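Asks: Take a look at this one; I'll ask things after.
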Amino acid sequence: MNTAPAAARPPRARAEIDLAAVRDNVRALRARAAGAELMAVVKSDGYGHGALPCARAARQAGAAWLGTATPEEALALRAAGDTGPVLAWLWTPGGPWERAIAANIDVSASARWALTEITAAARATGRTARVHLKADTGLGRNGCQPADWPDLLAAARAAEAEGTVRVTGIWSHFACADEPGHPSIAAQLAAYREALDAAERAGLRPEVRHLANSPATLTLPESHYDLVRTGVSVYGLSPSPELGTPQDFGLRPAMTLSADLASVKRVPGGHGVSYGHAYTTPGDTTLALVPVGYADGVPRHASGSGPVLVAGKWRTIAGRVAMDQFVVDLGGDAARAGDEAVLFGPGDRGEPTAEDWARAVGTIGYEIVTRVGARVPRVHVGEVTDGGGQGGGEGVGEAGAGRGARPAQGGRT
Ligand SMILES: *Cc1c(COP(=O)(O)O)cnc(C)c1O
(Lines give C-alpha, C1' and ligand atoms only; values in the text may rest on other atoms or scores of the structure.)
Protein backbone atom coordinates (compact mmCIF):
# COMPACT_ATOMS: atom_id res chain seq x y z
CA MET A 1 0.00 0.00 0.00
CA ASN A 2 1.22 3.47 -0.86
CA THR A 3 0.00 6.73 0.50
CA ALA A 4 -0.99 9.08 -2.30
CA PRO A 5 0.84 12.42 -2.52
CA ALA A 6 -0.72 15.27 -0.60
CA ALA A 7 -3.39 17.01 -2.63
CA ALA A 8 -3.12 20.67 -3.56
CA ARG A 9 -5.06 22.99 -1.31
CA PRO A 10 -7.86 24.74 -3.17
CA PRO A 11 -8.18 28.45 -2.46
CA ARG A 12 -11.33 29.94 -0.89
CA ALA A 13 -12.77 26.84 0.75
CA ARG A 14 -12.45 23.09 0.90
CA ALA A 15 -13.84 20.06 2.65
CA GLU A 16 -10.92 17.86 3.52
CA ILE A 17 -11.83 14.21 3.93
CA ASP A 18 -9.50 11.98 5.90
CA LEU A 19 -9.82 8.55 4.32
CA ALA A 20 -7.68 7.02 7.06
CA ALA A 21 -10.46 8.03 9.44
CA VAL A 22 -13.03 6.37 7.16
CA ARG A 23 -11.00 3.16 7.16
CA ASP A 24 -10.50 3.28 10.94
CA ASN A 25 -14.21 3.93 11.48
CA VAL A 26 -15.15 0.95 9.32
CA ARG A 27 -12.77 -1.23 11.32
CA ALA A 28 -14.19 0.04 14.61
CA LEU A 29 -17.74 -0.66 13.41
CA ARG A 30 -16.82 -4.13 12.19
CA ALA A 31 -15.40 -4.87 15.63
CA ARG A 32 -18.72 -3.76 17.17
CA ALA A 33 -20.67 -6.07 14.89
CA ALA A 34 -18.16 -8.88 14.68
CA GLY A 35 -20.74 -11.52 13.80
CA ALA A 36 -22.12 -9.60 10.84
CA GLU A 37 -20.89 -8.21 7.57
CA LEU A 38 -20.78 -4.45 7.15
CA MET A 39 -22.49 -2.35 4.49
CA ALA A 40 -20.98 1.12 4.13
CA VAL A 41 -23.83 3.42 3.14
CA VAL A 42 -22.51 5.90 0.59
CA LYS A 43 -25.76 7.57 -0.48
CA SER A 44 -25.90 11.27 -1.22
CA ASP A 45 -22.26 11.39 -2.29
CA GLY A 46 -21.12 9.57 0.82
CA TYR A 47 -23.02 11.94 3.14
CA GLY A 48 -21.20 14.75 1.36
CA HIS A 49 -17.76 13.16 1.77
CA GLY A 50 -17.36 11.89 -1.81
CA ALA A 51 -18.97 8.53 -2.52
CA LEU A 52 -16.24 6.99 -4.64
CA PRO A 53 -13.13 7.61 -2.51
CA CYS A 54 -15.10 6.74 0.63
CA ALA A 55 -16.44 3.56 -0.98
CA ARG A 56 -12.89 2.53 -1.89
CA ALA A 57 -11.66 3.27 1.63
CA ALA A 58 -14.55 1.34 3.16
CA ARG A 59 -13.89 -1.67 0.93
CA GLN A 60 -10.21 -1.56 1.89
CA ALA A 61 -11.19 -1.71 5.55
CA GLY A 62 -13.42 -4.70 4.96
CA ALA A 63 -16.87 -3.39 4.08
CA ALA A 64 -18.35 -6.39 2.26
CA TRP A 65 -21.30 -4.34 0.98
CA LEU A 66 -22.01 -0.82 -0.20
CA GLY A 67 -25.45 0.71 0.09
CA THR A 68 -27.08 3.57 -1.80
CA ALA A 69 -30.50 5.12 -1.80
CA THR A 70 -30.93 5.64 -5.53
CA PRO A 71 -30.07 3.25 -8.34
CA GLU A 72 -28.13 6.04 -10.05
CA GLU A 73 -25.81 6.20 -7.07
CA ALA A 74 -25.22 2.46 -7.30
CA LEU A 75 -24.61 2.63 -11.05
CA ALA A 76 -22.01 5.34 -10.44
CA LEU A 77 -20.13 2.94 -8.14
CA ARG A 78 -20.11 0.34 -10.90
CA ALA A 79 -18.98 2.93 -13.46
CA ALA A 80 -16.06 3.72 -11.15
CA GLY A 81 -15.04 0.08 -11.13
CA ASP A 82 -16.52 -1.24 -7.91
CA THR A 83 -17.44 -4.90 -8.39
CA GLY A 84 -18.55 -5.97 -4.91
CA PRO A 85 -22.04 -6.39 -3.49
CA VAL A 86 -24.09 -3.17 -3.72
CA LEU A 87 -27.70 -2.62 -2.68
CA ALA A 88 -29.84 0.29 -3.95
CA TRP A 89 -33.13 0.64 -2.08
CA LEU A 90 -35.05 3.72 -3.18
CA TRP A 91 -36.97 2.96 -6.35
CA THR A 92 -39.84 4.55 -8.19
CA PRO A 93 -41.92 3.06 -11.00
CA GLY A 94 -40.01 3.02 -14.27
CA GLY A 95 -36.65 3.07 -12.49
CA PRO A 96 -33.53 1.78 -14.24
CA TRP A 97 -34.14 -1.85 -13.23
CA GLU A 98 -32.57 -3.35 -16.35
CA ARG A 99 -29.38 -1.35 -16.00
CA ALA A 100 -29.16 -2.21 -12.31
CA ILE A 101 -29.76 -5.92 -12.87
CA ALA A 102 -27.26 -6.00 -15.74
CA ALA A 103 -24.73 -4.29 -13.45
CA ASN A 104 -25.24 -6.95 -10.76
CA ILE A 105 -26.72 -4.44 -8.32
CA ASP A 106 -29.01 -5.84 -5.65
CA VAL A 107 -32.39 -4.12 -5.79
CA SER A 108 -35.14 -3.71 -3.22
CA ALA A 109 -38.88 -4.31 -3.41
CA SER A 110 -41.43 -3.10 -0.86
CA ALA A 111 -44.52 -3.75 -2.97
CA ARG A 112 -45.90 -5.91 -5.76
CA TRP A 113 -45.51 -3.20 -8.41
CA ALA A 114 -41.75 -3.24 -7.84
CA LEU A 115 -41.55 -7.01 -8.09
CA THR A 116 -43.55 -6.90 -11.32
CA GLU A 117 -41.13 -4.37 -12.82
CA ILE A 118 -38.15 -6.39 -11.56
CA THR A 119 -39.30 -9.66 -13.13
CA ALA A 120 -39.97 -7.91 -16.43
CA ALA A 121 -36.50 -6.36 -16.36
CA ALA A 122 -34.92 -9.68 -15.46
CA ARG A 123 -36.60 -11.30 -18.47
CA ALA A 124 -35.41 -8.46 -20.70
CA THR A 125 -31.81 -8.78 -19.53
CA GLY A 126 -31.79 -12.56 -19.32
CA ARG A 127 -30.38 -12.39 -15.82
CA THR A 128 -31.66 -13.32 -12.41
CA ALA A 129 -32.40 -10.20 -10.37
CA ARG A 130 -31.00 -10.18 -6.84
CA VAL A 131 -33.81 -8.77 -4.70
CA HIS A 132 -34.09 -7.68 -1.08
CA LEU A 133 -37.66 -7.66 0.19
CA LYS A 134 -38.29 -4.82 2.62
CA ALA A 135 -40.75 -5.15 5.48
CA ASP A 136 -42.30 -2.16 7.23
CA THR A 137 -41.81 -3.28 10.83
CA GLY A 138 -43.03 0.04 12.20
CA LEU A 139 -41.10 2.89 10.59
CA GLY A 140 -44.09 3.76 8.43
CA ARG A 141 -41.94 4.95 5.56
CA ASN A 142 -40.97 2.50 2.82
CA GLY A 143 -41.41 -1.26 3.29
CA CYS A 144 -44.29 -3.68 2.97
CA GLN A 145 -47.04 -3.67 5.60
CA PRO A 146 -47.59 -6.98 7.46
CA ALA A 147 -51.01 -7.37 5.82
CA ASP A 148 -49.42 -7.36 2.35
CA TRP A 149 -46.28 -9.28 3.28
CA PRO A 150 -47.54 -12.84 2.58
CA ASP A 151 -48.62 -11.79 -0.90
CA LEU A 152 -45.24 -10.17 -1.65
CA LEU A 153 -43.43 -13.27 -0.35
CA ALA A 154 -45.55 -15.59 -2.47
CA ALA A 155 -44.94 -13.50 -5.57
CA ALA A 156 -41.21 -13.45 -4.89
CA ARG A 157 -41.14 -17.21 -4.38
CA ALA A 158 -42.99 -17.70 -7.67
CA ALA A 159 -40.46 -15.43 -9.40
CA GLU A 160 -37.66 -17.53 -7.90
CA ALA A 161 -39.31 -20.65 -9.30
CA GLU A 162 -39.35 -19.16 -12.80
CA GLY A 163 -35.74 -18.03 -12.44
CA THR A 164 -36.24 -14.28 -12.77
CA VAL A 165 -35.55 -13.45 -9.12
CA ARG A 166 -33.33 -14.61 -6.32
CA VAL A 167 -34.36 -13.22 -2.93
CA THR A 168 -30.97 -12.30 -1.49
CA GLY A 169 -32.16 -10.21 1.43
CA ILE A 170 -35.01 -9.69 3.87
CA TRP A 171 -34.71 -6.35 5.55
CA SER A 172 -36.23 -3.46 7.43
CA HIS A 173 -35.31 -0.13 8.99
CA PHE A 174 -35.64 1.32 12.50
CA ALA A 175 -37.58 4.43 13.48
CA CYS A 176 -36.05 5.20 16.88
CA ALA A 177 -32.81 3.22 17.20
CA ASP A 178 -31.13 6.41 18.42
CA GLU A 179 -33.38 6.43 21.51
CA PRO A 180 -32.35 3.37 23.54
CA GLY A 181 -35.32 1.89 25.36
CA HIS A 182 -37.88 3.44 23.04
CA PRO A 183 -40.77 0.94 22.98
CA SER A 184 -40.79 0.91 19.17
CA ILE A 185 -37.39 -0.82 19.16
CA ALA A 186 -38.61 -4.02 20.81
CA ALA A 187 -41.77 -3.89 18.72
CA GLN A 188 -39.77 -3.58 15.50
CA LEU A 189 -37.42 -6.40 16.50
CA ALA A 190 -40.45 -8.63 17.12
CA ALA A 191 -42.13 -7.59 13.87
CA TYR A 192 -38.90 -8.24 11.99
CA ARG A 193 -38.64 -11.75 13.46
CA GLU A 194 -42.20 -12.39 12.30
CA ALA A 195 -41.39 -11.10 8.83
CA LEU A 196 -38.38 -13.44 8.71
CA ASP A 197 -40.44 -16.41 9.93
CA ALA A 198 -43.05 -15.75 7.27
CA ALA A 199 -40.33 -15.58 4.61
CA GLU A 200 -38.94 -18.88 5.82
CA ARG A 201 -42.39 -20.47 5.72
CA ALA A 202 -42.80 -19.15 2.18
CA GLY A 203 -39.65 -21.06 1.23
CA LEU A 204 -37.28 -18.11 0.93
CA ARG A 205 -33.65 -18.49 2.02
CA PRO A 206 -32.03 -15.03 1.88
CA GLU A 207 -28.27 -14.60 2.00
CA VAL A 208 -28.54 -11.64 4.35
CA ARG A 209 -31.04 -10.49 6.92
CA HIS A 210 -30.43 -6.87 7.87
CA LEU A 211 -32.03 -4.28 10.08
CA ALA A 212 -29.38 -2.22 11.89
CA ASN A 213 -28.41 1.34 10.98
CA SER A 214 -25.59 3.18 12.82
CA PRO A 215 -27.34 3.66 16.17
CA ALA A 216 -28.51 0.04 16.23
CA THR A 217 -25.06 -1.18 15.22
CA LEU A 218 -23.55 0.77 18.12
CA THR A 219 -26.11 -0.02 20.81
CA LEU A 220 -28.27 -3.02 19.88
CA PRO A 221 -26.32 -6.23 19.20
CA GLU A 222 -29.50 -8.29 18.84
CA SER A 223 -30.31 -6.26 15.73
CA HIS A 224 -27.11 -7.09 13.87
CA TYR A 225 -28.24 -10.31 12.12
CA ASP A 226 -26.07 -10.97 9.05
CA LEU A 227 -25.33 -7.43 7.95
CA VAL A 228 -25.29 -3.95 9.48
CA ARG A 229 -25.96 -0.88 7.33
CA THR A 230 -23.79 1.89 8.72
CA GLY A 231 -23.83 5.37 7.25
CA VAL A 232 -23.11 8.38 9.40
CA SER A 233 -20.76 6.43 11.70
CA VAL A 234 -18.56 5.47 8.74
CA TYR A 235 -17.87 9.19 8.40
CA GLY A 236 -17.09 9.42 12.10
CA LEU A 237 -20.19 11.16 13.43
CA SER A 238 -22.16 9.85 16.34
CA PRO A 239 -25.74 9.17 15.25
CA SER A 240 -26.96 11.14 18.24
CA PRO A 241 -25.27 13.17 20.97
CA GLU A 242 -27.50 11.44 23.53
CA LEU A 243 -25.94 8.09 22.60
CA GLY A 244 -22.38 9.31 22.97
CA THR A 245 -19.60 11.20 21.29
CA PRO A 246 -17.71 9.82 18.31
CA GLN A 247 -14.80 9.14 20.67
CA ASP A 248 -17.06 7.07 22.93
CA PHE A 249 -17.54 4.71 19.98
CA GLY A 250 -13.96 4.82 18.71
CA LEU A 251 -14.98 6.98 15.75
CA ARG A 252 -13.28 10.04 14.26
CA PRO A 253 -15.06 12.64 12.11
CA ALA A 254 -13.57 12.48 8.62
CA MET A 255 -14.54 15.88 7.28
CA THR A 256 -12.94 19.25 8.01
CA LEU A 257 -14.64 22.25 6.41
CA SER A 258 -12.44 25.32 6.20
CA ALA A 259 -12.13 28.56 4.24
CA ASP A 260 -9.53 31.29 3.83
CA LEU A 261 -10.49 34.74 5.08
CA ALA A 262 -11.29 36.97 2.11
CA SER A 263 -11.00 40.22 4.02
CA VAL A 264 -10.02 41.52 7.44
CA LYS A 265 -10.64 45.16 8.29
CA ARG A 266 -11.03 47.57 11.15
CA VAL A 267 -14.45 49.14 11.53
CA PRO A 268 -15.80 51.63 14.03
CA GLY A 269 -18.43 50.88 16.66
CA GLY A 270 -22.05 51.06 15.59
CA HIS A 271 -21.36 49.56 12.16
CA GLY A 272 -24.09 47.35 10.71
CA VAL A 273 -22.94 43.94 9.45
CA SER A 274 -24.37 41.93 6.56
CA TYR A 275 -27.90 41.92 5.16
CA GLY A 276 -30.58 43.37 7.37
CA HIS A 277 -27.98 44.73 9.77
CA ALA A 278 -28.94 41.97 12.19
CA TYR A 279 -25.61 42.63 13.93
CA THR A 280 -24.06 45.95 14.85
CA THR A 281 -20.47 46.25 16.08
CA PRO A 282 -20.49 47.07 19.79
CA GLY A 283 -17.33 49.15 19.50
CA ASP A 284 -14.18 49.56 17.38
CA THR A 285 -13.35 46.08 16.17
CA THR A 286 -12.00 43.83 13.44
CA LEU A 287 -14.32 42.09 11.03
CA ALA A 288 -13.25 39.01 9.09
CA LEU A 289 -15.05 37.83 5.98
CA VAL A 290 -15.44 34.07 5.57
CA PRO A 291 -16.13 33.30 1.90
CA VAL A 292 -18.72 30.52 2.27
CA GLY A 293 -22.46 30.90 2.57
CA TYR A 294 -25.71 29.04 2.32
CA ALA A 295 -24.93 28.03 -1.26
CA ASP A 296 -22.00 26.13 0.22
CA GLY A 297 -24.14 24.46 2.85
CA VAL A 298 -23.70 26.91 5.72
CA PRO A 299 -27.24 27.03 7.09
CA ARG A 300 -28.84 30.47 6.97
CA HIS A 301 -30.22 29.48 10.36
CA ALA A 302 -26.63 29.75 11.60
CA SER A 303 -26.94 33.55 11.35
CA GLY A 304 -25.85 34.86 14.74
CA SER A 305 -25.16 31.38 16.11
CA GLY A 306 -22.78 29.28 13.96
CA PRO A 307 -19.35 28.64 15.56
CA VAL A 308 -16.08 29.15 13.65
CA LEU A 309 -12.46 28.86 14.70
CA VAL A 310 -10.63 32.00 13.54
CA ALA A 311 -7.35 33.38 14.88
CA GLY A 312 -7.17 30.78 17.62
CA LYS A 313 -10.64 31.32 19.11
CA TRP A 314 -14.21 30.22 18.59
CA ARG A 315 -16.21 33.04 17.08
CA THR A 316 -19.89 33.26 16.39
CA ILE A 317 -21.23 34.31 13.01
CA ALA A 318 -22.01 38.04 13.17
CA GLY A 319 -25.29 38.83 11.45
CA ARG A 320 -26.77 36.98 8.52
CA VAL A 321 -25.27 34.18 6.50
CA ALA A 322 -25.46 35.26 2.86
CA MET A 323 -25.34 33.04 -0.20
CA ASP A 324 -21.58 33.15 -0.54
CA GLN A 325 -20.17 34.65 2.64
CA PHE A 326 -20.56 35.55 6.27
CA VAL A 327 -18.75 37.78 8.73
CA VAL A 328 -17.19 37.15 12.13
CA ASP A 329 -16.31 39.82 14.64
CA LEU A 330 -12.76 39.23 15.87
CA GLY A 331 -13.24 41.67 18.72
CA GLY A 332 -10.07 43.52 17.82
CA ASP A 333 -7.90 40.39 17.50
CA ALA A 334 -5.43 40.40 14.64
CA ALA A 335 -5.82 38.30 11.51
CA ARG A 336 -5.02 38.66 7.85
CA ALA A 337 -6.73 37.86 4.60
CA GLY A 338 -5.75 34.30 3.73
CA ASP A 339 -5.80 33.07 7.33
CA GLU A 340 -7.78 29.91 7.81
CA ALA A 341 -11.27 29.77 9.29
CA VAL A 342 -12.29 26.27 10.37
CA LEU A 343 -16.04 25.76 10.47
CA PHE A 344 -15.92 22.19 11.70
CA GLY A 345 -13.68 19.15 11.91
CA PRO A 346 -12.87 16.31 14.28
CA GLY A 347 -12.35 18.87 17.05
CA ASP A 348 -8.80 17.98 17.99
CA ARG A 349 -7.36 21.31 16.85
CA GLY A 350 -9.88 23.18 18.95
CA GLU A 351 -12.30 23.67 16.07
CA PRO A 352 -16.06 23.13 16.37
CA THR A 353 -17.52 19.82 15.23
CA ALA A 354 -20.44 19.14 12.92
CA GLU A 355 -22.33 18.27 16.09
CA ASP A 356 -21.64 21.75 17.47
CA TRP A 357 -23.14 23.18 14.28
CA ALA A 358 -26.12 20.87 14.53
CA ARG A 359 -26.78 22.09 18.06
CA ALA A 360 -26.33 25.73 17.04
CA VAL A 361 -28.90 25.50 14.25
CA GLY A 362 -31.33 22.92 15.63
CA THR A 363 -30.58 20.02 13.31
CA ILE A 364 -28.52 16.83 13.29
CA GLY A 365 -24.90 16.27 12.32
CA TYR A 366 -26.08 14.18 9.35
CA GLU A 367 -27.57 17.29 7.75
CA ILE A 368 -24.56 19.50 8.43
CA VAL A 369 -22.11 17.27 6.54
CA THR A 370 -24.55 16.17 3.82
CA ARG A 371 -25.54 19.69 2.86
CA VAL A 372 -22.01 20.94 2.10
CA GLY A 373 -22.48 22.31 -1.39
CA ALA A 374 -21.10 21.11 -4.69
CA ARG A 375 -19.14 24.38 -4.98
CA VAL A 376 -16.87 23.29 -2.13
CA PRO A 377 -14.06 21.09 -3.48
CA ARG A 378 -13.58 17.81 -1.63
CA VAL A 379 -9.92 17.11 -0.92
CA HIS A 380 -9.29 13.49 -0.02
CA VAL A 381 -6.23 12.77 2.07
CA GLY A 382 -4.88 9.50 3.40
CA GLU A 383 -5.94 7.49 0.38
CA VAL A 384 -4.06 4.25 -0.05
CA THR A 385 -3.69 2.44 -3.33
CA ASP A 386 -3.51 -1.30 -2.99
CA GLY A 387 -3.18 -2.07 -6.66
CA GLY A 388 -6.30 -4.20 -6.60
CA GLY A 389 -9.92 -3.73 -7.51
CA GLN A 390 -12.55 -2.60 -5.08
CA GLY A 391 -14.39 -5.86 -4.76
CA GLY A 392 -11.98 -7.23 -2.20
CA GLY A 393 -10.28 -5.58 0.70
CA GLU A 394 -9.04 -6.89 3.94
CA GLY A 395 -11.06 -9.42 5.80
CA VAL A 396 -14.10 -9.51 3.52
CA GLY A 397 -13.92 -13.26 3.28
CA GLU A 398 -13.38 -13.49 6.99
CA ALA A 399 -16.43 -11.33 7.66
CA GLY A 400 -18.44 -13.50 5.34
CA ALA A 401 -17.16 -16.78 6.71
CA GLY A 402 -19.93 -19.13 7.59
CA ARG A 403 -22.46 -17.13 5.62
CA GLY A 404 -21.24 -18.33 2.27
CA ALA A 405 -19.42 -15.19 1.21
CA ARG A 406 -20.29 -14.84 -2.42
CA PRO A 407 -18.06 -13.99 -5.33
CA ALA A 408 -17.58 -10.32 -5.95
CA GLN A 409 -19.18 -10.41 -9.35
CA GLY A 410 -21.32 -12.54 -11.57
CA GLY A 411 -21.41 -16.19 -10.65
CA ARG A 412 -25.06 -16.54 -11.51
CA THR A 413 -27.20 -16.75 -14.55
C1 LIG B 1 -29.39 6.08 5.38
C2 LIG B 1 -29.78 4.70 5.71
C3 LIG B 1 -28.96 3.89 6.52
C4 LIG B 1 -27.77 4.43 7.27
O5 LIG B 1 -28.22 5.13 8.38
P6 LIG B 1 -27.19 5.76 9.43
O7 LIG B 1 -28.02 6.19 10.57
O8 LIG B 1 -26.53 6.90 8.73
O9 LIG B 1 -26.24 4.67 9.76
C10 LIG B 1 -29.32 2.57 6.68
N11 LIG B 1 -30.41 2.06 6.08
C12 LIG B 1 -31.23 2.81 5.31
C13 LIG B 1 -32.44 2.20 4.70
C14 LIG B 1 -30.95 4.16 5.11
O15 LIG B 1 -31.77 4.91 4.37
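The values are calculated or read from the model by the stated rules, or taken from the named source; none is laboratory data. Computed from a prediction, not measured in an experiment: that's the story for all the values here. Using ideal geometry, Cβ is built from the backbone for each residue, glycine included, and neighbour counts are taken over all protein chains shown.
Asks: Give me the residue from segment 85-111 that is β-branched (Val, Ile, Thr) and within 16 Å of the ligand (Cβ to nearest atom) and, out of that set, farthest from the chain's Cα centre (by Cα). Let's see the steps before the verdict.
Replies: Here is the first cut: in segment 85-111, the residues β-branched (Val, Ile, Thr) are 86, 92, 101, 105, 107.
Going one step further and asking which of them are within 16 Å of the ligand (Cβ to nearest atom), we end up with 86, 92, 105, 107.
Working: Val86: 14, Thr92: 21, Ile105: 18, Val107: 18 Å.
So the residue we want is Thr92.
Asks: Are there strands (runs of 3 or more DSSP E) fully within segment 1-109 with at least 1 residues that are in contact with a Lys or Arg (Cβ under 7 Å, 6 or more places away or on another chain), free of Cβ contacts under 8 Å to residues at least 12 places away in the same chain and more than 29 Å from Thr164 (Cβ to Cβ)? List them.
Replies: On the way: elements: 13-18, 37-41, 65-68, 86-88, 106-109.
In segment 1-109, there are no strands (runs of 3 or more DSSP E) which contain 1 or more residues that are in contact with a Lys or Arg (Cβ under 7 Å, 6 or more places away or on another chain), free of Cβ contacts under 8 Å to residues at least 12 places away in the same chain and more than 29 Å from Thr164 (Cβ to Cβ).
Asks: Sticking with this structure for a sec: Quick one: would you say Glu207 is among the acidic types (Asp, Glu) and within 30 Å of Pro53 (Cα to Cα)? Step through it out loud before you land on a result.
Replies: Values: among the acidic types (Asp, Glu): yes; within 30 Å of Pro53 (Cα to Cα): yes.
The answer is yes for Glu207.
Asks: Oh, and also: Among (1) closer than 30 Å to Ala147 by Cα; (2) within 16 Å of the ligand (Cβ to nearest atom); (3) buried (at least 19 other Cβ atoms within 10 Å of the Cβ), there is one condition Met255 misses while meeting the rest; what is its number?
Replies: (1)
Asks: Further question on the same structure: State the number of residues belonging to segment 327-359 that are closer than 26 Å to Pro246 by Cβ and either of a type in the set (Ser, Thr, Tyr) or part of a strand (DSSP E or B) (or both).
Replies: Our first condition is that a residue be closer than 26 Å to Pro246 by Cβ; within segment 327-359, this holds for 328, 340-359.
Imposing the further condition that a residue be either of a type in the set (Ser, Thr, Tyr) or part of a strand (DSSP E or B) (or both) reduces the set to 328, 340-344, 353.
Here the count works out to 7.
Asks: Could you identify the single residue in Gly67, Gly62 that is within 30 Å of Asp386 (Cβ to Cβ) and either of a type in the set (Phe, Trp, Tyr) or away from the ligand (no atom under 16 Å from the Cβ) (or both)? Before the answer, list the steps.
Replies: Numbers: Gly67 fails: either of a type in the set (Phe, Trp, Tyr) or away from the ligand (no atom under 16 Å from the Cβ) (or both).
Being within 30 Å of Asp386 (Cβ to Cβ) and either of a type in the set (Phe, Trp, Tyr) or away from the ligand (no atom under 16 Å from the Cβ) (or both) holds for just one of Gly67, Gly62, which is Gly62.
Asks: Can you tell me which residue in segment 360-369 is nearest to the chain's Cα centre (by Cα), limited to those that are more than 14 Å from Gly231 (Cβ to Cβ) and outside any helix (DSSP H, G or I)?
Replies: Restricting to residues being more than 14 Å from Gly231 (Cβ to Cβ) and outside any helix (DSSP H, G or I), the top hit is Thr363.
Asks: When segment 317-329 is examined, which residues are found to be surrounded by 20 or more Cβ atoms within 10 Å (Cβ to Cβ), over 12 Å from Leu261 (Cα atoms) and among the aliphatic types (A, V, I, L, M)?
Replies: Passing the criteria: Ile317, Ala318, Val321.
Asks: Something else now. For segment 266-314, enumerate the residues that are charged (D, E, K, R) and part of a helix (DSSP H, G or I). Don't jump to the end; show me each part of the working.
Replies: Pass one, segment 266-314, residues charged (D, E, K, R): 266, 284, 296, 300, 313.
Of everything in segment 266-314, those that are charged (D, E, K, R) and part of a helix (DSSP H, G or I) turn out to be Asp296, Arg300.
Asks: Can you spot a residue in segment 323-343 that is touching a residue at least 60 places away in the same chain (Cβ under 8 Å) and either within 24 Å of the chain's Cα centre (by Cα) or assigned by TED's automatic domain parsing to the domain that holds Gly50 (or both)?
Replies: The answer is yes; a qualifying residue exists.
Asks: Could you list, ordered by first residue, the pairs with Cβ atoms under 6 Å in which the first is in segment 274-303 and under 30 Å from Ala374 (Cβ atoms) and the second is among the hydroxyl-bearing types (Ser, Thr, Tyr), at least 6 apart or interchain?
Replies: Pairs that qualify, where the first residue is under 30 Å from Ala374 (Cβ atoms) and the partner is among the hydroxyl-bearing types (Ser, Thr, Tyr), are Leu289/Ser263; Arg300/Tyr294.
Asks: For segment 112-142, name all the residues that are of a type in the set (Ser, Thr, Tyr) and under 18 Å from Ala100 (Cα atoms).
Replies: Hits for segment 112-142 are Thr116, Thr119, Thr125, Thr128.
Asks: Here is a follow-up. Of the residues Trp113, Trp89, only one is at pLDDT 95 or above and either buried (at least 18 other Cβ atoms within 10 Å of the Cβ) or among the hydroxyl-bearing types (Ser, Thr, Tyr) (or both); which?
Replies: Trp89
Asks: I'd like to verify a number: residues in segment 267-301 that are closer than 16 Å to Ala354 by Cα and in contact with a Leu (Cβ under 9 Å, 6 or more places away or on another chain), how many?
Replies: Counting residues in segment 267-301 that are closer than 16 Å to Ala354 by Cα and in contact with a Leu (Cβ under 9 Å, 6 or more places away or on another chain) gives 4.
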